[in-house]
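The values are calculated or read from the model by the stated rules, or taken from the named source; none is laboratory data. Since this is a predicted model, take the numbers as computed values, not measurements. Because the Cβ atoms are built from the backbone with ideal geometry, glycine has one as well, and the counts that use them run over all protein chains shown. What goes into the accessible areas is simple: the full protein's heavy atoms, side chains included, and nothing from ligands, DNA or RNA. Shrake-Rupley method; radii C 1.70, N 1.55, O 1.52, S 1.80 Å.
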Amino acid sequence: MAKVEGAAHLVRYINPAFCRLTGKAEADVVGTPFCELISASGECLTLLDNVYRTGKSASHTAREHVDHGPDLLSYVMWPVIADDQTAGIMIQVIAAGSLHEQTLEMNQALLMGSLRQHELTEAANWSNARLQTEIGERKQRERDALMLTKEIAHRIKNNLQIIGALIANEVRRTPAQYAQGYEAMQARIGAIAELYDLIAQSSQGASVSLDAYLREIGTAMSQSLLGSASGLEIVVETEALEIDPERAVPFGLVVNELGTNAIKHAFPDGVGRVTLAVRRIDGQIELTVADNGVGMTAKDPAALPGRHGSDYVAIFVRQLGGTMAVSAAAGKGTTVTIRLPLLEVPSSIAEYVDA
């Protein structure tokens, strides 16, 4: 910006930007005719005279000789009016480089941008390839771990079945009054074998489906404890819930213990129903083993907690991190309710297994 006064257009003020354009200090410029400051063309000077004379603004673009700046200058001039007369003129000078220089600068910027984009693309491609490799390796490790888990579970199941067969052989050789302990042991081992059979057949090694597990236990109990002509039935009611393998063993054992206890003690007439149920309640897993038999009373010490097989139930409930409640009435059956923490299976594990 510059301000000139009088018909000779003497410079009275220039701002720092104008000083940089001309390469001169303000003190060296003030009082100098504008035409000496910038070798303005005749047309530019004619416009200055016209603005001074008419009091009307004007603009002009021309190539001028400037030692310290671009040679393409654009002028905007407007009058400073005082007492209805033009006292001076404010001049705004907009400097731009030559078209050739601008083109070179633009081409250089485009080239640098293209090179930078190429570098970023290469870096992104390399990072993506590395990430895909890591994901593939991690998924393969998950698949290998799952296959190993299933193989180990299959071998454990086979070993448990062999142990069960050996115990069954001992039962046949043992007098009936002494065989109950062997039979109870065989049933417990059978419940654990069912778990490992389920793990060996499952597509998920991180959890066990309680729905399938409970049905397997119910089927095994029916086959081992109830004859084809039995008046007892085992009913399984489940929701789609899962439990971690570590707690699946005590879970199966407590179901087997409670179910076996109900079948042996609740139905003296040999007719009735045992219900095995699992559902989600208030963010917990609720296991219910109920019968519609004679009901548990204090006169039946074998069925009370802390007596014989019920000692195992208390141990299994502690291993599950759960709590147990018993409700019973003479002639109305017995209901044992166990609540334990719910398993939340991480979605990432499910993704790796499905892949």
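Which of the residues that make up the stretch 244-275 are in contact with a helix residue (DSSP H, G or I) (Cβ under 7 Å, 6 or more places away or on another chain) and either free of Cβ contacts under 8 Å to residues at least 12 places away in the same chain or more than 19 Å from Ala314 (Cβ to Cβ) (or both)?
Residues of the stretch 244-275 that are in contact with a helix residue (DSSP H, G or I) (Cβ under 7 Å, 6 or more places away or on another chain), as a first pass: 245, 247-261, 263, 265, 274.
Hits for the stretch 244-275 are Pro245, Ile263, Val274.
I'd like the full set of residues that are at pLDDT 80 or above and assigned to a helix (DSSP H, G or I), limited to the stretch 165-189.
Residues satisfying the conditions are Ala165, Leu166, Ile167, Ala168, Asn169, Glu170, Val171, Arg172, Arg173, Ile189.
Taking Asp300, is it open to solvent by 30 Å² or more (accessible area, probe 1.4 Å) and either at pLDDT 55 or above or more than 23 Å from Ser209 (Cα to Cα) (or both)?
Taking the combined requirement at face value, the residue satisfies it.
Consider only pairs whose beta carbons are under 9 Å apart and that are at least six residues apart or on different chains; among these, list those whose first residue lies in the stretch 15-36 and is closer than 15 Å to Leu73 by Cβ and of a type in the set (Phe, Trp, Tyr) and whose second residue is open to solvent by 40 Å² or more (accessible area, probe 1.4 Å) and not in a loop (DSSP other than H, G, I, E, B).
Phe18/Glu26; Phe34/Leu10; Phe34/Leu45
I want to confirm something. Restricting to the stretch 96-123 and keeping residues that are among the small types (Gly, Ala, Ser) and more than 30 Å from Thr61 (Cβ to Cβ), which single residue is modelled with the highest pLDDT?
Selected residue: Ala123.
Quick test for you: out of Glu237, Glu257, Glu246, pick the one residue that is farther than 14 Å from Ala191 by Cβ, within 45 Å of the chain's Cα centre (by Cα) and in a helix (DSSP H, G or I). Even if it seems obvious, please write down each step before you answer.
Details: Glu237 fails: in a helix (DSSP H, G or I); Glu257 fails: farther than 14 Å from Ala191 by Cβ.
It is Glu246.
Every residue, every condition in (1) of a type in the set (Gly, Ala, Ser); (2) open to solvent by less than 100 Å² (accessible area, probe 1.4 Å), yes or no:
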position	(1), (2)
Gln108	no, no
Gly113	yes, yes
Lys150	no, yes
Val171	no, yes
Pro175	no, yes
Gln180	no, no
Arg188	no, yes
Ala193	yes, yes
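Name the residue that is nearest to the chain's Cα centre (by Cα), counting only residues in the stretch 124-158 that are modelled with pLDDT of 85 or more and among the acidic types (Asp, Glu).
Glu134
Of the residues in the stretch 1-37, how many are among the polar types (S, T, N, Q) and within 23 Å of Asn50 (Cα to Cα)?
1
Quick one: would you say Ile285 is modelled with pLDDT of 85 or more, over 20 Å from Glu183 (Cβ atoms) and outside any helix (DSSP H, G or I)?
Judged against the criteria, Ile285 is a match.
So which residues in the stretch 207-230 are in a strand (DSSP E or B) and open to solvent by 40 Å² or more (accessible area, probe 1.4 Å)?
Looking only at the stretch 207-230, we keep the residues that are in a strand (DSSP E or B), and these are 208-209.
Hit for the stretch 207-230 is Ser209, nothing else.
What number of residues in the stretch 274-297 are out of contact with any Ser or Thr (no Cβ under 6 Å at 6 or more places or on another chain) and under 19 Å from Asp211 (Cα atoms)?
Count: 13.
Rundown of residues vs (1) of a type in the set (D, E, K, R); (2) in contact with a Phe, Trp or Tyr (Cβ under 8 Å, 6 or more places away or on another chain), yes/no style:
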position: Leu160; (1), (2): no, yes
position: Ile167; (1), (2): no, yes
position: Arg173; (1), (2): yes, no
position: Tyr178; (1), (2): no, no
position: Tyr182; (1), (2): no, no
position: Ile189; (1), (2): no, no
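Which residues, taken from the stretch 2-29, are under 14 Å from Ile89 (Cα atoms) and out of contact with any helix residue (DSSP H, G or I) (no Cβ under 6 Å at 6 or more places or on another chain)?
Scanning the stretch 2-29 gives Lys3, Glu5, Gly6, Ala7, Ala8, Leu10, Arg12, Tyr13.
Quick one: in the stretch 48-90, of everything that is over 15 Å from Lys3 (Cα atoms), crowded, with 16+ Cβ neighbours inside 10 Å and of a type outside the set (Asp, Glu), which residue is modelled with the highest pLDDT?
Restricting to residues being over 15 Å from Lys3 (Cα atoms), crowded, with 16+ Cβ neighbours inside 10 Å and of a type outside the set (Asp, Glu), the top hit is His60.
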